[in-house]
There are 2 protein chains.
Amino acid sequence: MANRRAPDRAEPQDEWAAKIAALDGPGRAERPGKPPITVGRIMDAAFALVEAEGFEALTMRRVATALGTGPASLYAHVRNKAELDELLIGEVCARVPVPEPDPARWTEQMLEICRALRDEYLRYPGISRAALAAAPNSLDALRLSEGMLTILLAAGVPPRSAAWAIDAAFLYVSAYCFEASLRYRPDSDADQRVLDRDALAERYRMLPPDRFPSTVAHVRELTSGEGHERFEFTLTALLGGLAPEPGPGA
Amino acid sequence: MANRRAPDRAEPQDEWAAKIAALDGPGRAERPGKPPITVGRIMDAAFALVEAEGFEALTMRRVATALGTGPASLYAHVRNKAELDELLIGEVCARVPVPEPDPARWTEQMLEICRALRDEYLRYPGISRAALAAAPNSLDALRLSEGMLTILLAAGVPPRSAAWAIDAAFLYVSAYCFEASLRYRPDSDADQRVLDRDALAERYRMLPPDRFPSTVAHVRELTSGEGHERFEFTLTALLGGLAPEPGPGA
DNA sequence: GCGCGACACGAACAGCGTTCGTCGTACGAA
DNA sequence: TTCGTACGACGAACGCTGTTCGTGTCGCGC
C-alpha cells in the first residue's frame with residue numbers, strides 16, 4: 001500500500017500537495033554519505049548527456065549506462081521518461097533568477113528573465129521540446145511565472161493581459177529555443193536538413209519573382225538577424241503591446 | 001545514376017530547384033487510371049490517421065498497414081518519416097487561403113491567415129510538432145510567408161520588422177497548436193498528464209500565498225481564456241507593436 | 001544470528017524507423 | 001511470340017526505444 005503505484009489518474013493532486021509541502025523542507029536534500037543511485041545523480045547524468053549530445057540522445061538506456069547500470073534501475077526513482085523530462089525542465093527553471101520588481105524597468109526585467117531562460121535552454125540543445133509539453137506542471141516553472149506576474153502587476157499591467165502575456169512569452173521562448181536547437185547542430189552531419197543563412201538566402205533567390213515578389217525582393221531582411229536579435233524583437237513587440245496607461249487616470 | 005540516392009548532403013539544392021520548376025506543371029497530377037501506391041495515397045492515409053488518432057500515432061508501419069502493405073513499400077515514394085511530415089505540413093499550408101492585400105485591413109488579414117493555419121493544424125492534433133521542425137523548408141509554407149510579407153509591406157511595415165514578425169507569428173501559431181493538442185486529448189485516457197482548467201485552478205489555489213502571492217491572487221486570470229482568446233490576444237499584441245507611422249513623414 | 005523489506009538489475013516485450021535481398025510482374029527488344 | 005531486364009512491392013530483419021516482470025542481493029531492525 002505504501003508503495004502503491006498510482007493508476008496515473010487519481011493521485012497527481014496529492015503529489016502536487018506533497019511537492020508544495022516539501023517547499024519548506026531541506027531543498028534537494030542529498031545525503032553525501034550514500035553512494036547509490038539517486039534522482040539527483042540521474043538528473044546530473046541526464047544533463048551531461050543532453051549538454052553533450054542533445055535532447056534526442058537523452059535515453060533511459062544511455063542515462064542508465066552513464067550510471068553504470070541497466071535501464072530498469074531508473075524506474076525506481078523516476079516514473080517515466082516524461083517525468084525525467086519534467087524534472088530537467090524544473091531544474092532549468094530553478095536556475096533562472098527572478099529580480100525584485102522595479103516598475104520603472106519592468107520591460108527590461110521581463111527580458112532578463114526570458115534571456116536567462118533562453119540561455120539555459122540553449123545550453124541543453126533540444127531540451128525546450130520537453131518544456132513545450134511540461135511547462136506549467138512544475139513548481140519551479142511556476143516560480144518564474146509568479147515572478148513575471150509580480151513584475152507586470154507592479155508595472156500596472158492589467159492582470160488578464162499580464163497572465164496571457166506570460167503564457168505567450170513562455171511559449172515563445174520555448175519554441176524559439178527549440179527551433180534554434182534544430183538550426184544549430186554543430187557536430188551531427190547525419191541529418192543536415194536545416195540550412196545555414198547563406199544557403200537559405202540562395203534558395204530564396206532562386207524563387208520565381210513573379211510568384212514570390214516580396215520574398216525575393218527582401219531576401220536580406222528575411223535572412224537577417226544576428227545572434228538573438230529576433231528574440232529581442234519579438235519579445236519587445238509582445239511586451240510593447242501591454243504598455244499600461246501610466247499617466248492620467250489612476 | 002538517374003535514381004542515385006543522394007548522400008543527404010549535396011543534393012537538396014537541386015531538389016529545391018526541381019520543386020520550383022514543377023510549380024508551373026500540372027499541380028499534383030495524379031493519374032486516375034493507376035491504382036498502385038502513390039505519394040498521394042500515402043498522404044491521404046497519413047492525414048486520416050493523424051486526424052483520428054493524433055500525430056503520435058503517425059507511424060510508417062501504421063500508414064503501410066492502412067494501405068494494405070508493409071512498411072518497406074513506403075520508402076520507395078518517401079525518403080523518410082521526416083519527409084512525410086514535411087509533405088503533410090506543406091499540404092496543410094497549401095490549404096490556407098491568402099487574401100489580396102488591403103492596407104486598411106492588414107491586421108485583420110494577418111489574423112485571418114493565422115486563424116486558418118491554426119484551424120488546419122488543430123484538425124490534425126499534434127501535427128504542429130512537425131511544423132516546428134520543418135516550417136521554412138516547404139514551398140507551400142513559403143507561399144504563406146510571401147502572402148504575409150506582401151500584406152505587411154503594403155501596410156507600410158518596415159521590411160525587417162515584417163520579416164521578423166512573420167517568423168514570430170509562424171512560430172507562435174505552431175507552438176500554440178502544439179500545446180493545445182496536448183491539453184485537448186479527448187479519448188486517450190492513458191496519459192492524462194495535462195489538466196483541465198478546473199484542476200489547474202485548484203492546484204493554483206493550493207499554493208502557499210506567501211510564496212506565490214500574485215499567482216494565488218489571480219487564479220482566475222491565469223486560467224481564463226475561452227476558445228482562442230489567448231491566441232487572438234497574443235497575435236494582436238505582436239502585430240500591434242508593428243504599427244507603422246502612416247501620417248507625417250513619407 | 002536471523003528475517004524481512006527495500007533497492008538494484010538481467011532479461012524480455014512490444015513497438016519504432018529503416019534497410020537488405022528477393023520476388024513478381026510488366027514492358028521493351030529481338 | 002518469347003526472352004531479358006528493370007523496376008515496384010514486400011517479407012524479414014537490425015538496432016534502437018520505453019517500460020515491466022521476476023529474481024537477486026544487500027543492509028538494517030529485532
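What follows is calculated from the coordinates using simple rules that are stated; it is not laboratory data. Computed from a predicted structure; not experimentally measured. As a convention, Cβ positions derive from the backbone with ideal geometry for all residues, glycine included, and neighbour counts pool all protein chains shown.
Structure values in brief
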| quantity | calculated |
| --- | --- |
| Shortest-first distances to equivalent copies, position B:R197, nm, label 7 Å out along Cβ | 4.3 |
| Efficiency of FRET between A:T59 and B:T69 - r from beta-carbon atoms, R0 51 angstrom, step 0.05 | 0.95 |
| Test item: A:76-83 mean partner chain Cβ contacts at 10 Å | 1 |
| Per-residue ³J(HN,Hα) for segment A:76-85, Karplus 6.51 cos²θ - 1.76 cosθ + 1.60, θ = phi - 60°, Hz, x for Gly and Pro | 7, 10, 9, 5, 9, 6, 4, 5, 4, 4 |
| Once the Cα gyration tensor of segment B:124-174 is diagonalised, semi-axes √(5λ) in Å | 22, 11, 8 |
| Rounded FRET efficiency, nearest 0.05, which uses the C-beta distance separating B:A217 from A:A104 and R0 of 25 Å | 0.65 |
| Average other protein chain Cβ within 10 Å of Cβ, residues A:202-208 | 4 |
| In sequence order, calculated HN-Hα J values of segment B:225-241 (Karplus, 6.51, -1.76, 1.60; Hz; x Gly/Pro) | x, 7, x, 10, 4, 5, 4, 4, 4, 5, 5, 4, 4, 4, 6, x, x |
| Label-point gap, in nm, between A:T236 and A:R197 - each point 7 angstrom along Cα→Cβ | 1.7 |
| Two-site label geometry, B:A82 and B:R183: point separation in nm, points 7 Å out along Cα→Cβ | 3.1 |
| Shortest-first nm distances, B:E53 label point to equivalent points in other copies (7 Å, Cα→Cβ) | 3.0 |
| Estimated FRET transfer efficiency when R0 is 51 angstrom, pair B:R41-B:H228 (beta carbons, to 0.05) | 0.95 |
| Which of A:Y204, B:Y75 has the fewest Cβ neighbours within 10 Å, and the rest in rising order | B:Y75, A:Y204 |
| For the B-to-A rotation axis, chain B residue with nearest beta carbon and its distance in angstrom | B:A175, 2 |
| Residue-averaged beta-carbon neighbours from other chains (10 angstrom radius) around A:211-221 | 6 |
